[in-house]
1. Being surrounded by fewer than 15 Cβ atoms within 10 Å (Cβ to Cβ) and modelled with pLDDT of 80 or more is the filter here, so list the residues in segment 67-85 that pass it.
2. Do we find that Gly178 is assigned to a loop (DSSP other than H, G, I, E, B), at pLDDT 80 or above and on the phi > 0 side of the Ramachandran plot in this structure?
3. Spot the failing condition for Gln144; the list is (1) assigned to a helix (DSSP H, G or I); (2) without any contact (Cβ under 8 Å) to a residue 12 or more places away in the chain, and only one is missed.
4. One residue is enough: does segment 37-56 have a residue meeting the conditions under 21 Å from the mean Cα position of the chain (by Cα), surrounded by 15 or more Cβ atoms within 10 Å (Cβ to Cβ) and farther than 30 Å from Lys164 by Cβ?
5. Among the candidates Arg31, Arg15, which residue alone is at pLDDT below 80, outside the structural domain of Ala110 (by TED's automatic domain parsing) and out of contact with any helix residue (DSSP H, G or I) (no Cβ under 9 Å at 6 or more places or on another chain)?
6. Going by the conditions given, is Met64 more than 24 Å from Lys157 (Cα to Cα), touching a residue at least 24 places away in the same chain (Cβ under 8 Å), surrounded by 11 or more Cβ atoms within 10 Å (Cβ to Cβ) and not basic (Lys, Arg)?
7. Specify the residue that is modelled with the lowest pLDDT; the eligible residues are those in segment 2-12 that are among the hydrophobic types (A, V, I, L, M, F, W, C) and surrounded by 10 or more Cβ atoms within 10 Å (Cβ to Cβ).
8. Scan segment 16-71 for residues that are among the small types (Gly, Ala, Ser) and either part of a helix (DSSP H, G or I) or touching a strand residue (DSSP E or B) at 6+ places or on another chain (Cβ under 6 Å) (or both) and jot them down.
Amino acid sequence: MTAADGHNSLTEQERQALWGHHVQKRVKIIRRLEEIKAEEKKLKADAKNDGISEKELKDFLDCMLTDDPQKKVDQFNMLKRNRIRLGLIIDDRKADLLADRVTNEQMIFAAGVEAGLAALDRVSRYSGGSSEDKTWLAGWDDGQRIARENLQSAMEKKLRERSKEEPPATEDPFEASGEFDPFAVAPSSSKFN
């Protein structure tokens, strides 16, 4: 094949070099994807060990991060189930008509808490400065506070559960009766006298 063939002015070796260049770029992406998939697999196992349902987690992520209109159809029900499960709102799904219902303000606040817990962007879908926006932002701040104040202790508890260890002792194990003498000499042994 010569440079005059077709509209391509590249030589055979130039075309091969260009092909190799694109293959190398794709190989790098494939390897990064493999690393990401391995990390995702580890995160799924960690979530499972922590008692988090993979289906619930996947549903939440799909609804929060997708623009697919079909998935948006079920978003309200999924979000409500998630907020009930997290204890952010009361479960009114099987209540009678006269029972207390979740108010719009409670749902907006819960949505903010949920976004704060998930560390999503601190931007509500409501008009800036509106009461709904302020409620959502207050919820987001609360979600961040909950995560900040409770994540480490939750992770430590789960780690202890997995390793079947006792919680660290808060007392000094060497203190006998309240009178602790750090310079006390151990009883002598006849072997060394």
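The values are calculated or read from the model by the stated rules, or taken from the named source; none is laboratory data. Computed from a predicted structure; not experimentally measured. Heads up, the Cβs are rebuilt from the backbone with ideal geometry, glycines too, and the neighbour counts pull from every protein chain shown.
1. Arg85
2. Working: assigned to a loop (DSSP other than H, G, I, E, B): yes; at pLDDT 80 or above: no; on the phi > 0 side of the Ramachandran plot: yes.
Against the criterion (assigned to a loop (DSSP other than H, G, I, E, B), at pLDDT 80 or above and on the phi > 0 side of the Ramachandran plot), Gly178 does not qualify.
3. Just one mismatch for Gln144, condition (2).
4. no
5. Values: Arg31 fails: at pLDDT below 80.
One residue alone meets the criteria, Arg15.
6. Working: more than 24 Å from Lys157 (Cα to Cα): yes; touching a residue at least 24 places away in the same chain (Cβ under 8 Å): yes; surrounded by 11 or more Cβ atoms within 10 Å (Cβ to Cβ): yes; not basic (Lys, Arg): yes.
Judged against the criteria, Met64 is a match.
7. Taking segment 2-12 first, the residues among the hydrophobic types (A, V, I, L, M, F, W, C) are 3-4, 10.
From the residues that got through so far, the ones that are surrounded by 10 or more Cβ atoms within 10 Å (Cβ to Cβ) too are 3, 10.
Values: Ala3: 46, Leu10: 76.
Selected residue: Ala3.
8. If the condition is that a residue be among the small types (Gly, Ala, Ser) and either part of a helix (DSSP H, G or I) or touching a strand residue (DSSP E or B) at 6+ places or on another chain (Cβ under 6 Å) (or both), then Ala17, Gly20, Ala38, Ala45, Ala47 are the ones that fit.
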